[in-house]
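Take a look at the structure set out below.
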Amino acid sequence: MEFFDEAVPHYRGSHTDRNALVPTHGGTVKPTARYPASVSAGLASEDRDVLLVGFDSLVDFDAPHAAAHLEAAGVPFEVRAVTVRFPGDLRADAEVTRYAKPLDTDGETTVDGRSRPVRGALAERVAAELDGEGRVGFPAILGDDRPHRVRAALEDRLDADVFEVPMGPPSLPGMRLEDALFDALDEAGVSIETGNPVVDYDGDDRIEQVSVEKHGARIPNTADQYVLATGGLVGKGVESDRKRVSEPVFGCHVPHPDDRYDWFDTEAFGDHAFARFGVETDDSLRPLNGRGSAEFENLRAAGSVLGGYDFPAEKSGSGVSIATGYAAGRRAGEAV
């Protein structure tokens, strides 16, 4: 986690060993080890009253619905909600970036027949709804390139702390995190190539090279060490048909019951075996074959391609990805 904190300095949570309680767009409270700075003023562990602001054109965030659910959850503060019109004309199906960009640039918009900077126009509308709340929560659309400046400008005009409420995909905080991680990779000198799937490999006990498909041709790529981080059943890093479950890139063994009817539970929210399908590894995260030996000397696995855990039920997907990604990368580097 310290490694993550160094790469993504705009995340918070490292000051405590306990999870933070982050309100979500559905009005639930999510225990979270690391969270964007933009949501920090909205933590449910604080007792200051909150005003949630929704926009009539942004159907993905129903502020009154979220406020009612937070109240029902017994948060230690009063929650009130309003729905206002976002300055400017945006359609109900507008992407979140269509809201973020004008806030980033503080561009001019027409309000009541006159041109106004969008941040000031938004603050004016929300200020008219405030009733002494010390915190104001907006859907997570407060800027893409300059979110800290947007929040600071709104806080100055509203005389209240401003925070973002995380929403479902496409998530603007998620896009910011992706940008930050790519920046960290670029600074470390990492070469990145996307959109070209691995379709073959050479090697027996050791992978000598992998071949990627590019413009109909197979291009060989050689490395000393490899990390398999292709995802699970949803991400197609693990595949299945009616008879078997497999890992499609290197053919790694995926433990699973022979009887397909043992792959799932009869209850919708039961203990489903398929949720834990993935490769089994040794202590160095090297995938194991069906006999308990490493499939390849120089291959490690990380993230949801790993088996043995149910990340939706455990809510552990991000944590496992960070921990095993770090461990696999470090051990691969040490083996070179």
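The values are calculated or read from the model by the stated rules, or taken from the named source; none is laboratory data. In this text the structure is predicted, and so the values were computed from the model without any measurement. Cβ placement follows ideal geometry from the backbone for every residue including glycine, while neighbour counts extend to all protein chains displayed.
One line per residue, one yes/no per condition, for (1) closer than 30 Å to Asp144 by Cα; (2) touching a strand residue (DSSP E or B) at 6+ places or on another chain (Cβ under 9 Å); (3) of a type in the set (Phe, Trp, Tyr):
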{"residue": "Ala184", "(1), (2), (3)": "yes, no, no"}
{"residue": "Tyr201", "(1), (2), (3)": "no, yes, yes"}
{"residue": "Asp205", "(1), (2), (3)": "no, yes, no"}
{"residue": "Lys214", "(1), (2), (3)": "no, no, no"}
{"residue": "Asp224", "(1), (2), (3)": "no, no, no"}
{"residue": "Glu239", "(1), (2), (3)": "no, yes, no"}
{"residue": "Ser246", "(1), (2), (3)": "no, yes, no"}
{"residue": "Asp265", "(1), (2), (3)": "no, no, no"}
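If you go through the stretch 131-170 and pick out every residue that is in contact (Cβ under 8 Å) with a residue 40 or more places away in the chain and under 12 Å from the mean Cα position of the chain (by Cα), you end up with 4.
Criterion first (loosely packed, with under 12 Cβ neighbours inside 10 Å, in contact with an Asp or Glu (Cβ under 6 Å, 6 or more places away or on another chain) and either in contact (Cβ under 8 Å) with a residue 24 or more places away in the chain or assigned by TED's automatic domain parsing to the domain that holds Pro64 (or both)) does Asp205 satisfy it? So Asp205 passes the test.
In the condition set (1) touching a residue at least 60 places away in the same chain (Cβ under 8 Å); (2) hydrophobic (A, V, I, L, M, F, W, C); (3) out of contact with any helix residue (DSSP H, G or I) (no Cβ under 9 Å at 6 or more places or on another chain), Ala302 is compliant with all but (3).
Quick one: would you say Leu43 is surrounded by 16 or more Cβ atoms within 10 Å (Cβ to Cβ), under 21 Å from Gly168 (Cβ atoms), assigned by TED's automatic domain parsing to the domain that holds Pro147 and free of Cβ contacts under 8 Å to residues at least 24 places away in the same chain? For Leu43, the condition - surrounded by 16 or more Cβ atoms within 10 Å (Cβ to Cβ), under 21 Å from Gly168 (Cβ atoms), assigned by TED's automatic domain parsing to the domain that holds Pro147 and free of Cβ contacts under 8 Å to residues at least 24 places away in the same chain - is met. Here Thr97 meets the list (1) among the β-branched types (Val, Ile, Thr); (2) at pLDDT 95 or above; (3) surrounded by fewer than 18 Cβ atoms within 10 Å (Cβ to Cβ) almost entirely, failing just condition (2). Return only the number of the condition from (1) free of Cβ contacts under 8 Å to residues at least 24 places away in the same chain; (2) within 29 Å of the chain's Cα centre (by Cα); (3) more than 24 Å from Leu43 (Cα to Cα) that Arg91 does not satisfy. It fails just one condition, (1).
So, in the stretch 237-256, exactly how many residues are surrounded by 13 or more Cβ atoms within 10 Å (Cβ to Cβ) and in a loop (DSSP other than H, G, I, E, B)? Counting residues in the stretch 237-256 that are surrounded by 13 or more Cβ atoms within 10 Å (Cβ to Cβ) and in a loop (DSSP other than H, G, I, E, B) gives 11.
Quickly run through the stretch 142-164 and pick out the residues that are of a type outside the set (Asp, Glu), in a loop (DSSP other than H, G, I, E, B) and in contact with a helix residue (DSSP H, G or I) (Cβ under 8 Å, 6 or more places away or on another chain).
The answer is Leu142, Gly143, Arg146.
If you go through the stretch 258-316 and keep only what is aliphatic (A, V, I, L, M) and in a helix (DSSP H, G or I), you end up with Ala273, Ala275, Val305, Ala313. Among the residues of the stretch 287-336, the ones that are touching a His at 6+ places or on another chain (Cβ under 9 Å) and buried (at least 18 other Cβ atoms within 10 Å of the Cβ) come to 3 in all.
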